[in-house]
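The values are calculated or read from the model by the stated rules, or taken from the named source; none is laboratory data. Being a predicted model, the structure only gives us computed values, none of them experimental. Please note that ligands, DNA and RNA were not included when accessible areas were found on the heavy atoms of the full protein model with its side chains. Shrake-Rupley method; radii C 1.70, N 1.55, O 1.52, S 1.80 Å.
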Amino acid sequence: MDKEKIIADETKRITDEMHKSFLDCEDIMHLTGLGRENVRNLMRSKSFPTQVVGRRKIVSVTNFVLWFMENKNA
């Protein structure tokens, strides 16, 4: 299967499931099963593609899917 198709399908699946195109800490906890502190540490890391909006850190679903695919075996 084509990598771009997998990314598009997974982005659509998460967007449809979460009913939004940006994810916050709670959403990532739900998707990954990680605890709050682990997700907060992840969102602080330089390798994770967050954006700051006000005082909140968020990540687009597409960037989350791309990051996950690149780091799933790390």
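Some notes on this structure:
- Remark: the Arg36-Ile6 segment gains 8.0 nm on full extension, using 0.36 nm per residue and subtracting the alpha carbon distance.
- Accessible surface, per residue, of the chain when the full set of protein chains is kept, probe 1.4 Å, Å²: 71 Å²
- Hull-based mean projected area of the chain, where the convex hull spans the alpha carbons, in square nanometres: 5.2 nm²
- His30 sits with roughly 120 Å² accessible to a 1.4 Å probe, with DNA, RNA and ligands left out of the calculation.
- Set of lysines with alpha-carbon distance to Lys5 below 19 Å, sequence-local pairs under 8 removed: Lys72
- Solvent-accessible area, 1.4 Å probe, carbon plus sulfur percent, for the chain: 52 percent
- Note: relative contact order over the chain, using C-alpha pairs below 8 Å and six or more positions apart, is 34 percent.
- Remark: the Arg44-Glu70 segment gains 7.6 nm on full extension, using 0.36 nm per residue and subtracting the alpha carbon distance.
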